[in-house]
Amino acid sequence: MLDELNRETRLMTTFSALYGQAVAEQLGIGHTDMESLDFLNLFGPMTAGRLSELTGLSSGATTRLIDRLEGAGYVRRTRDPNDRRRVIIEPVAEKGPGVFRYFAPIGMRMSELWRRYEPEQIELIVDYLRRSNAIMAEENARIRREAETAAADASAAAG
């Protein structure tokens, strides 16, 4: 049964990634850009540093990502009212309907599926997903760090 769980989880993440890629193509943005926009919609406005932590991207890559999203009209930079030195990245609400129209049908279908389960079963599923998401976030950060270290080592060896 654990092999089956592993297989189905891998399929879910693969189909999710492919769906996200297809939506990003429809919106004319990159897949990572779209997933970052989803972080902003899920967690609300945040600093570039926080977005960098969530995505595992370097600060430079995060700045370029924000520039692309801002250029496409999906986010805006605003000053933090509590600390004018800080910049907050926030999703542009007017763009939401264009993005979410792709997710409304799947959201409705998933809601129908979830209603088939008892509250205790939903609690178990949510626990599994939270723990899985934590593992995926940690592994994303780890693999990004490894890539940065390898790039730095290669640069040092070349220079």
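The values are calculated or read from the model by the stated rules, or taken from the named source; none is laboratory data. Worth saying up front: this structure is predicted, and the values here are computed from it rather than measured. Every residue, glycine among them, receives a Cβ derived from its backbone with ideal geometry; neighbour counts consider all protein chains shown. Only protein heavy atoms, including side chains, enter the accessible area calculation; ligands, DNA and RNA are left aside. Shrake-Rupley method; radii C 1.70, N 1.55, O 1.52, S 1.80 Å.
Among the numbered conditions (1) under 23 Å from Gly20 (Cβ atoms); (2) exposed (fewer than 10 other Cβ atoms within 10 Å of the Cβ), the only one that Arg85 does not meet is (1).
Test Glu25 against the criterion of being within 28 Å of Ala152 (Cβ to Cβ) and of a type in the set (Asp, Glu), and give yes or no. No; evaluated as a whole, the condition is false for this residue. Of the residues Asp3, Asp80, Asp67, which is farther than 21 Å from Ala141 by Cα, surrounded by fewer than 14 Cβ atoms within 10 Å (Cβ to Cβ) and at pLDDT 95 or above? Just one listed residue meets the conditions, Asp67. The residues listed here are Ile143, Ile89, Ile125, Ile135; of these, the one that is of a type in the set (A, V, I, L, M) and within 20 Å of Leu37 (Cβ to Cβ) is Ile89. When segment 40-64 is filtered for residues that are surrounded by fewer than 18 Cβ atoms within 10 Å (Cβ to Cβ) and closer than 21 Å to Ile143 by Cα, the ones remaining, listed by number, are Gly49, Arg50, Glu53, Ser58, Ser59, Gly60, Ala61, Thr63, Arg64. Would you pick out the residues in segment 88-120 that are closer than 21 Å to Ala48 by Cβ and open to solvent by 40 Å² or more (accessible area, probe 1.4 Å)? Hits for segment 88-120 are Glu90, Ala93, Lys95.
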